Amino acid sequence: MSSPVTPRSPRKLRKAEKRLSSSESLIEIQNLEYSYAGDNKPTLVIPEFSVRKGEELFLYGPSGTGKTTLLECLAGVLPLSKGSVKILGRDLAQMSSAQRDAFRAEHMGYVFQSFNLIPYLSVIENIELPLHLSPVRKARLGSVDTDMVIRALCGNLGIGDLLDKKVTELSVGQQQRVAVARALLGKPDLLLADEPTSALDADHREKFLKLLFDLSELYGTTVVFVSHDRGIENLFTRSVSLESINRTT
């Protein structure tokens, strides 16, 4: 399996040292299997894998190797064919579909490759969605005014002046930041990201990821980021090839 990469900055070094000294897992996978209906063999067969709290994990592999499928299993979007996925000690395989949906809304943020923003809503309305789906996420904001929290988060992301615009009026890079703001609002325990930087050039990818990591560290959010682009690999605290943990071949 892949070993942790060497971070570029002192902050990354501190994060890597913290990860190595921590024994507390956020994600624990045991004997996971997932097969799509009609397929002759499973897409995923992962005997064992874990992610510690506070990690910024880069999971890479070519297109079609099951990266998105694994994220959807971690999110509880896809029910497992076999095995277990525990998030914060809770086994998603033992939950009903409704329970998985509620758990995901409370504990996870998801940044999709296509962002999945709602086109007829404004920027701020898109960002607020997790708070409407989960009272727990809203409660994490405490007594602080929600509008103030969103404006501070968007200010950090460089989109503070766009809140009243329709998302269809934004550039790809701006839409990406809206998707991240939505995913991070309410301080989720886990952020799942499915190649959200694929439309950006190298310079903008690196700047975006550094900003994402600063915010995830501030909120105490663990990051699992999947991509085929290994050009950003050394920005993460750990890098793992999906092919090294997936035993389908």
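The values are calculated or read from the model by the stated rules, or taken from the named source; none is laboratory data. Just so you know, these numbers come straight off a predicted model, no measurement behind them. Glycine also receives a Cβ, built like all others from the backbone with ideal geometry; neighbour counts cover every protein chain displayed.
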- Query: For region 47-70, how many residues meet the condition of being part of a loop (DSSP other than H, G, I, E, B) and either within 14 Å of Asp189 (Cβ to Cβ) or touching a residue at least 40 places away in the same chain (Cβ under 8 Å) (or both)?
  - Reply: 8
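Quick grid of which residues meet (1) charged (D, E, K, R); (2) within 27 Å of Asp101 (Cα to Cα); (3) crowded, with 21+ Cβ neighbours inside 10 Å:
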position: Val149; (1), (2), (3): no, yes, no
position: Gln176; (1), (2), (3): no, yes, yes
position: Val180; (1), (2), (3): no, yes, yes
position: Leu191; (1), (2), (3): no, yes, yes
position: Asp201; (1), (2), (3): yes, no, no
- Could you look through region 151-174, keep only residues that are touching a residue at least 24 places away in the same chain (Cβ under 8 Å) and closer than 27 Å to Gly61 by Cα, and pick out the one that is surrounded by the most Cβ atoms within 10 Å (Cβ to Cβ)? Gly173
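Any idea how many residues of region 30-46 are surrounded by 20 or more Cβ atoms within 10 Å (Cβ to Cβ) and either of a type in the set (S, T, N, Q) or under 20 Å from Pro188 (Cα atoms) (or both)? Explain how you work it out, then say what you get.
Quick first cut of region 30-46, residues surrounded by 20 or more Cβ atoms within 10 Å (Cβ to Cβ) only: 32, 34, 43-46.
Add one more test, that the residue is either of a type in the set (S, T, N, Q) or under 20 Å from Pro188 (Cα atoms) (or both), and what stays is 43.
Matching residues across region 30-46 total 1.
Of everything in region 137-163 that's farther than 15 Å from Arg182 by Cα and not polar (S, T, N, Q), which residue is nearest to the chain's Cα centre (by Cα)?
Going through region 137-163, the residues farther than 15 Å from Arg182 by Cα turn out to be 139, 142-145, 161.
Add one more test, that the residue is not polar (S, T, N, Q), and what stays is 139, 142, 144-145, 161.
Details: Ala139: 21, Gly142: 23, Val144: 25, Asp145: 25, Asp161: 25 Å.
Once the filter is applied, the top-ranked residue is Ala139.
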- Task: Scan region 91-117 for residues that are more than 21 Å from Gly220 (Cβ to Cβ), of a type in the set (Gly, Ala, Ser) and under 15 Å from the mean Cα position of the chain (by Cα) and report the count.
- Result: 1
- Item | In region 137-171, residue nearest to Leu185 (Cα to Cα) [restricted to those that are part of a loop (DSSP other than H, G, I, E, B) and in contact with a strand residue (DSSP E or B) (Cβ under 8 Å, 6 or more places away or on another chain)] | Leu163
- Query: Looking at region 118-136, which of its residues are assigned to a loop (DSSP other than H, G, I, E, B) and either modelled with pLDDT under 90 or within 16 Å of the chain's Cα centre (by Cα) (or both)?
  - Reply: Ser134
- Note on the structure: Cβ pairs under 7 Å, 6+ apart or interchain, first in region 71-84 and surrounded by fewer than 19 Cβ atoms within 10 Å (Cβ to Cβ), second charged (D, E, K, R), ordered by first then second residue, are Ser81/Glu33; Lys82/Glu33; Ser84/Asp91
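Return a yes/no flag: does region 204-226 have any residue that is assigned to a strand (DSSP E or B), over 22 Å from Phe103 (Cα atoms) and not acidic (Asp, Glu). Outline the logic, then answer.
Looking only at region 204-226, we keep the residues that are assigned to a strand (DSSP E or B), and these are 222-226.
So of that shortlist, the ones also over 22 Å from Phe103 (Cα atoms) come out as none.
Within region 204-226, not a single residue is assigned to a strand (DSSP E or B), over 22 Å from Phe103 (Cα atoms) and not acidic (Asp, Glu).
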- Message: I'd like the full set of residues that are under 21 Å from Ser114 (Cα atoms) and not hydroxyl-bearing (Ser, Thr, Tyr), limited to region 216-230.
- Response: Val223, Val224, Phe225, Val226, His228, Asp229, Arg230
- Message: Checking Gly83 against (1) part of a helix (DSSP H, G or I); (2) farther than 28 Å from Leu209 by Cβ; (3) not aliphatic (A, V, I, L, M): exactly one of these is not met. Which one?
- Response: (1)
- Query: What residue, of Lys138, Lys210, is surrounded by fewer than 16 Cβ atoms within 10 Å (Cβ to Cβ), among the basic types (Lys, Arg) and either within 22 Å of Ile27 (Cα to Cα) or out of contact with any Cys (no Cβ under 7 Å at 6 or more places or on another chain) (or both)?
  - Reply: Lys210
- Do we find that Thr197 is touching a helix residue (DSSP H, G or I) at 6+ places or on another chain (Cβ under 6 Å), surrounded by 14 or more Cβ atoms within 10 Å (Cβ to Cβ), in a loop (DSSP other than H, G, I, E, B) and of a type in the set (Val, Ile, Thr) in this structure? yes
- Among the residues of region 194-249, which ones are more than 13 Å from the chain's Cα centre (by Cα) and of a type in the set (Val, Ile, Thr)? Ile232, Thr237, Val240, Ile245, Thr248, Thr249
